[in-house]
Amino acid sequence: VEAKQTRQHFFSFDAELEGRIRRRRLLEQALPRVIHARQLHLAYQPIIASSTGALLGAEVLCRWHHDELGPVPPDEFIPLAEQLGLIGALGSLVIQRAAQQCAEWRAHQPDLCLSVNLSPLQFRQPSLCSELLQAVQAWQLPPAALELEITESVLMENADEIETNLRQLLAAGFPLAIDDFGTGYCSLAYLPRLHVSNLKLDRSFIRELESNPVTTAIVRSVIGLAHEIGMQITAEGVETEVQRDWLIAAGCQRLQGYLFSQPLPAEAFATRFLGKR
Ligand code: C2E
Ligand code: MG
Ligand code: MG
Ligand code: MG
């Protein structure tokens with residue numbers, strides 16, 4: 001009996017592994033084409049000012065709908081693009097579309113800001129800053145219109161290309177945000193030196209606000225520290241009114257999460273948040 005169970009176990013394991021390998025092959029084959037044909041889409045999730053409830057802007061999130069497999073999550077295709085050497089091309093596409101969209105929406109809300117996610121690999125490309133400048137200049141946007149989200153790991157790495165890029169981006173006037181803050185190794189003591197204007201508190205902290213007093217204390221002190229050194233705080237993954245109210249009371253300036261909206265296609269975002277018809 002035991003042998004048979006073991007064998008069945010292996011069979012199902014093989015089937016699962018085979019499924020995963022097949023899926024990866026399909027994605028690997030399709031991704032270069034899809035990027036080349038610019039068939040990726042962007043979704044926009046609103047970022048809200050906690051004091052007034054007003055719209056500040058949106059985070060730009062990349063979307064891929066595969067003909068056969070349906071929607072592929074970015075947590076799957078972004079790493080794949082990185083492995084296949086396609087993240088530069090994907091990133092360019094996102095930057096250009098975001099700049100165009102931001103310019104269009106600024107006709108309705110002049111101070112609207114879009115936040116773009118950048119892969120650590122994009123930070124190793126010497127052309128990053130000039131590419132971003134070209135994109136904003138093409139649409140007569142100030143660099144302040146595009147906030148750049150980077151992960152803690154980028155800031156903690158000690159590479160010359162990265163430091164040069166950071167210096168150029170800051171000098172050009174692009175606002176920087178640390179994404180998923182609290183999940184990496186960024187020491188609080190480093191924060192003042194990094195010249196980052198915005199901390200995005202990872203949603204794992206927000207999720208535990210109601211249940212874990214230690215998390216509550218950590219979030220409260222990070223918000224306090226950010227205030228003292230003049231940084232903005234954005235809470236990610238706000239899903240409940242209790243979380244929202246706690247964050248407002250604690251002094252968190254910006255809120256983002258399903259409570260306000262899921263990421264939306266451009267038209268739906270404009271209709272709902274910019275009053276466009
Ligand atoms: P991220 O930058 O931390 O983006 C936030 C993620 O949290 C998004 O997932 C968003 O849909 C999700 N989210 C927002 N509010 C809530 C909430 O209230 N509850 C829950 N459970 N989730 C919420 P998404 O769109 O699947 O993106 C996943 C990650 O993929 C992003 O994490 C980002 O790291 C990466 N990504 C997405 N688009 C791009 C891109 O254009 N370039 C790069 N380099 N990475 C991207
Ligand atoms: Mg992000
Ligand atoms: Mg995040
Ligand atoms: Mg993330």
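Here, each number is a calculation from the coordinates, and none is a lab measurement. If you're wondering where the values come from, they're calculated on a predicted model, not measured in any experiment. Counting neighbours? That spans all protein chains shown, and the Cβs are built from the backbone with ideal geometry, glycine included.
When the Karplus curve 6.51 cos²θ - 1.76 cosθ + 1.60 is applied with θ = phi - 60°, which whole-Hz ³J(HN,Hα) does each residue of the range 33-47 get, with x for Gly and Pro?
Listing the rounded values in order: 4, 5, 5, 4, 7, 6, 9, 7, 10, 10, 10, 10, 10, x, 10 Hz.
Charges only on Cβ, +1 for Lys and Arg, -1 for Asp and Glu: so what's the dipole of the chain about the Cα centre, in debye to the nearest 20?
Charge dipole, the chain, about its Cα centre: 580 debye, nearest 20.
Quick check on the chain: helices-only [θ] at 222 nm, where DSSP H runs of length 4 and up contribute -39,500 (n - 2.57) each and the sum goes over total residues. Nearest 500, please.
Counting only the DSSP helices, I get -15500 deg cm²/dmol.
Gaussian network model of the chain, Cα springs within a sub-10 Å range: biggest mean-square fluctuation belongs to which of Glu147, Glu104, Glu59?
Glu104
Taking only Cα atoms of the range 2-121, what ratio of Rg to Rh do you get with Rh as the Kirkwood inverse-distance radius?
We get a ratio of 1.17 for the range 2-121.
Just to check I understand the Karplus step: with θ = phi - 60° and J = 6.51 cos²θ - 1.76 cosθ + 1.60, what whole-Hz values come out for the range 103-115, glycine and proline as x?
4, 4, 6, 5, 5, 9, 9, x, 9, 4, 10, 10, 9
In debye, nearest 20: dipole of the range 55-190 around its Cα centre with unit charges on the Cβ of K, R (+) and D, E (-)?
In debye, rounded to 20, the range 55-190 gives about 440.
Over the chain, with a Gaussian network built from C-alpha contacts below 10 Å, which listed residue (Leu69, Leu121, Leu31) shows the highest mean-square fluctuation?
Highest fluctuation of the listed residues: Leu69.
Could you tally the net charge around Gly53, taking each other residue with its Cβ under 12 Å from the Cβ of Gly53, Lys/Arg +1 and Asp/Glu -1?
Result for the neighbourhood of Gly53: +2.
Check Asn198: other-chain or 5+ apart residues with amide H under 5 Å from its amide H, H built from backbone geometry?
Leu176, Ile178, Gln232
Enumerate the calculated ³J(HN,Hα) couplings along the range 196-213 in order (Karplus 6.51 cos²θ - 1.76 cosθ + 1.60, θ = phi - 60°), each rounded to whole Hz, writing x wherever the residue is Gly or Pro.
For the range 196-213, the Karplus-derived couplings read 8, 8, 9, 9, 9, 5, 4, 5, 4, 6, 5, 4, 8, 3, 7, 10, 10, x Hz, x marking Gly and Pro.
Between Leu247, Leu42, Leu26, which gets the highest mean-square fluctuation from a Gaussian network model of the chain, Cα cutoff 10 Å?
With Cα springs under 10 Å in the chain, the top fluctuation among Leu247, Leu42, Leu26 is at Leu26.
Long-range amide H contacts for Glu59: which residues qualify at under 5 Å (H placed 1.01 Å from N, peptide plane, sequence gap of 5 or more or a different chain)?
Gln45, Ile47, Ser115
Reported to two decimal places, what Rg/Rh ratio describes the chain when computed on Cα atoms with Rh from the Kirkwood expression?
When Rh is taken as the Kirkwood radius, the ratio is 1.01.
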